[in-house]
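Q: Here you go, one structure.
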Amino acid sequence: MDENKTLDFESAMARLEQIVSLLEKGDAPLGQAMTLFEEGAKLLRECTRQLDEAEQKVTLLTAGKDGEIVEEPFLGNS
């Protein structure tokens, strides 16, 4: 993955799945396997970053004291 180019989430996940499949086969020489593993780790960090960013944007609509709709930040389970 080119470090100057950020993949969208779906593309990053697809590439990560491809890397996992290649590594699971066990056919890659050690050097290539390490390169794939490093690329996969970078993709995982990028996917996690994008998910964290999306989670921060989610808002919940709840009824306020007077019945009006109030936006509150999504706090999640973490």
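The values are calculated or read from the model by the stated rules, or taken from the named source; none is laboratory data. Just so we're clear, the structure is a prediction, and the values are computed from it rather than from any experiment. Neighbour counts are summed over all protein chains in view; Cβ atoms, including those assigned to glycine, are modelled from backbone coordinates with ideal geometry.
Yes/no per residue for (1) exposed (fewer than 12 other Cβ atoms within 10 Å of the Cβ); (2) at pLDDT 90 or above; (3) over 23 Å from GLU10 (Cα atoms):
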| position | (1), (2), (3) |
| --- | --- |
| LEU23 | no, yes, no |
| ASP27 | yes, yes, yes |
| LEU36 | no, yes, no |
| THR62 | yes, no, yes |
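Q: Next question. Restricting the search to region 19-41, which residues are out of contact with any helix residue (DSSP H, G or I) (no Cβ under 9 Å at 6 or more places or on another chain), closer than 30 Å to GLU55 by Cα and of a type outside the set (Asp, Glu)?
A: SER21, ALA41
Q: Which residue, of GLU53, GLU3, is modelled with pLDDT under 95, of a type in the set (Asp, Glu) and assigned to a loop (DSSP other than H, G, I, E, B)? Give the derivation first.
A: On the way: GLU53 fails: assigned to a loop (DSSP other than H, G, I, E, B).
On inspection, the qualifying residue turns out to be GLU3.
Q: Criterion first (in a helix (DSSP H, G or I), at pLDDT 95 or above, among the hydroxyl-bearing types (Ser, Thr, Tyr) and exposed (fewer than 12 other Cβ atoms within 10 Å of the Cβ)) does THR48 satisfy it?
A: It is true that THR48 is in a helix (DSSP H, G or I), at pLDDT 95 or above, among the hydroxyl-bearing types (Ser, Thr, Tyr) and exposed (fewer than 12 other Cβ atoms within 10 Å of the Cβ).
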